[in-house]
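See structure below.
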Amino acid sequence: MCGIVGYVGGQSAQDVVVAGLKRLEYRGYDSAGVAVLADGGLAGAKKAGKLLNLEKELKDRPLPAGNTGVGHTRWATHGGPTDVNAHPHLDNAGRVAVVHNGIIENFAALREELAGRGHELASETDTEVVAHLLAEAYSSAGDLAEAMRQVCRRLHGAFTLVAVHADAPDTVVGARRNSPLVVGVGDGEMFLASDVAAFIAHTRDAIELGQDQVVELSRDGATVTGFDGLPADVHAYHVDWDASAAEKGGYASFMLKEIADQPKAVADTLLGRIDASGTLHLDEVRIPPSELREVDKVVIIACGTAFHAGMIAKYAIEHVTRLPCETELASEFRYRDPILDRHTLVVAISQSGETMDTLMAVRHAREQGAKVLAICNTNGSTIPRESDAVLYTHAGPEVAVASTKAFLTQLVACYLVALYLGQIRGTKWGDEIRTVVRQLSEVPRQVEQVLGTMEPVRALARSLADRDTVLFVGRHVGYPVALEGALKLKELAYMHAEGFAAGELKHGPIALIDEGLPVVVIVPSPRGRSVLHDKIVSNIQEIRARGARTVVIAEEGDEAVVPYADHLIRIPATPTLLQPLVATVPLQVFACELATARGNEVDQPRNLAKSVTVE
Ligand code: M6R
């Protein structure tokens, strides 16, 4: 939520910052702004709406040249998306400019205090208090980093702050608590951003900032301290993807590109996991096998699409390990006083590694003594940093707000965790594990095959663009797939879409079925547990008898469904547990096409942001 950029170096700060904001716009797009140090003062512009509005403003009225600056793209929390509420925020003298991601919980008290000292605050935001406090602190400390430390010690809540001061040329200062901030290390130039994507066109060398740290950037380097002023340890790393990975690469949207990236993302996530002797290695899993052998319960926590991956993981983990496994919405988890102890393994799934609900659940789990394993796509982000172990997915940057390739790679990672636990706990033989790994290695080709047959799905989506409701039903692992299909349609097409366990239809939802209502049915394989297949074929007949227009997703060779399918989408045959890896793909394509046909912008759906860093 909110993307922030800071720059000091030899290039035009306006150009570098605005280009960085373009890469971060997925984080929020309610308003955008930029400020640069120029001619001994501060110059800036900010505009409500998408970044395009700011770019237009800067084209009409360019800022004076300057090499130090900050910028922001906003997902509104305090105050509506107006020009005045857009960041950067300044102090009354217009000497300090601040951008912020997060929520300052004690802002009302601070605002009152500042008003009492004669400060006039122009916006409705929590951020503006920081600009005023910083100006005051700087006037006594004479040093921007020290002023920032003093201010941070007074703030409650989650905040990443980046600031410049007209009296401190060639200096950018940032602070981080509970929201992401990374330093980019260039040659004679330095960057600060919510995400490495903002500066990847300039450098792939980065420094992770830890919790409660302040960083001071000059052109030649970074100095990091804690909020207490003591020097802090930092972790430098090299980003293993380049600027082209964060571009659309000829696709009309990032979402289409990311759907198409899935075969590679799955293959990359599987790469190097099994050695010549057939033993599975998850190198980033730093919890000793002896402790994993003592685990007596697994709890999966996640939000949104990652939660759906977690629901599917429950089937795999229980099947492979025979350990009880629960999947919980991270936002509900800590409020119900869950039963956790040192024998509980908590698996936190998050693409961004920054989702506040999941982070808070991770902290709660660790406080209760549980071990936490993160499944994450973002190197150096907060959730893996605060977990006992991490298994990285290798999906590459996911820019579109709707999660696609991250979901498939989360599933792969979950299957690997299940197999790894099975291996070290001895519930699966080596050859059984090798069989599943071999089946997983088939998935990139199978996803490729699905992607090659999507034209009828796109045509169907376009034909349904004027409908109000689409329902999705599935059984077993097809149920979370149904939920994921419905979530994609809600967030992209702004339609009423709901997913149900097919067996639940008769307990209420079947009353929704009306003449012509589209119902997408995810059909399990007729091989394996045929009882599941038979049951869902009966469900299809029940809904069709009540007028539904059935869209049936079934594996090749499943002829039993043909008489009941108004539209039939074929997927390759996979083992039951792996079917979500191929069955989800048509639903992503369907939602993307339907949303586009309705004129919606698929990469940046209304009211949403990619990374949800507020609770
Ligand atoms: O970064 P995370 O995986 O923690 O994000 C969790 C959800 O916010 C995310 O999956 C969200 O539901 C997506 N927009 C769905 O497409």
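Side notes on the structure shown:
- Applying the condition of being of a type in the set (Gly, Ala, Ser) and more than 8 Å from the chain's Cα centre (by Cα) to segment 340-361 and asking which residue is nearest to the ligand (Cβ to nearest atom) yields Ala348.
- With respect to the stated conditions, Ala548 is more than 30 Å from Ala302 (Cβ to Cβ), more than 27 Å from the chain's Cα centre (by Cα) and crowded, with 23+ Cβ neighbours inside 10 Å.
- The set of residues in segment 60-106 that are in contact with a strand residue (DSSP E or B) (Cβ under 8 Å, 6 or more places away or on another chain) and of a type in the set (A, V, I, L, M, F, W, C) comprises Leu63, Ala65, Val70, Ala76, Ala86, Leu90, Val96, Ala97, Val98, Val99, Ile103, Ile104.
- Listing of strands (runs of 3 or more DSSP E) fully contained in segment 1-89 that carry 3 or more residues being over 19 Å from Ser179 (Cβ atoms) and either assigned by TED's automatic domain parsing to the domain that holds Phe199 or hydrophobic (A, V, I, L, M, F, W, C) (or both): 31-38, 41-48
- Taking segment 321-339 as the range and being in contact (Cβ under 8 Å) with a residue 40 or more places away in the chain and more than 14 Å from the ligand (Cβ to nearest atom) as the test, the residues that pass are Thr321, Arg322, Leu323.
- Options Pro575, Pro518, Pro524: the member that is in contact with a Leu (Cβ under 6 Å, 6 or more places away or on another chain), touching a residue at least 24 places away in the same chain (Cβ under 8 Å) and closer than 20 Å to His319 by Cβ: Pro524
- Restricting attention to segment 537-569, the residues being within 19 Å of Gln439 (Cβ to Cβ) and among the charged types (D, E, K, R) number 3.
- Qualifying residue in segment 305-317 (condition: within 16 Å of the ligand (Cβ to nearest atom), on the phi > 0 side of the Ramachandran plot, touching a Ser or Thr at 6+ places or on another chain (Cβ under 8 Å) and assigned by TED's automatic domain parsing to the domain that holds Leu416): no
- Pairs, first touching a residue at least 24 places away in the same chain (Cβ under 8 Å) and over 22 Å from Ala374 (Cβ atoms) in segment 415-436, second surrounded by 23 or more Cβ atoms within 10 Å (Cβ to Cβ) and among the small types (Gly, Ala, Ser), C-beta under 6 Å, six or more apart: Lys428/Gly422
- Listing of helices (runs of 4 or more DSSP H) fully contained in segment 383-501 that carry 3 or more residues being within 16 Å of the ligand (Cβ to nearest atom) and more than 26 Å from Ser244 (Cα to Cα): 478-493
The values are calculated or read from the model by the stated rules, or taken from the named source; none is laboratory data. Note that the coordinates shown come from a computational prediction; the quantities given were computed from them, not determined experimentally. Please note: Cβ atoms are built from the backbone with ideal geometry, for glycine as well, and neighbour counts cover all protein chains shown.
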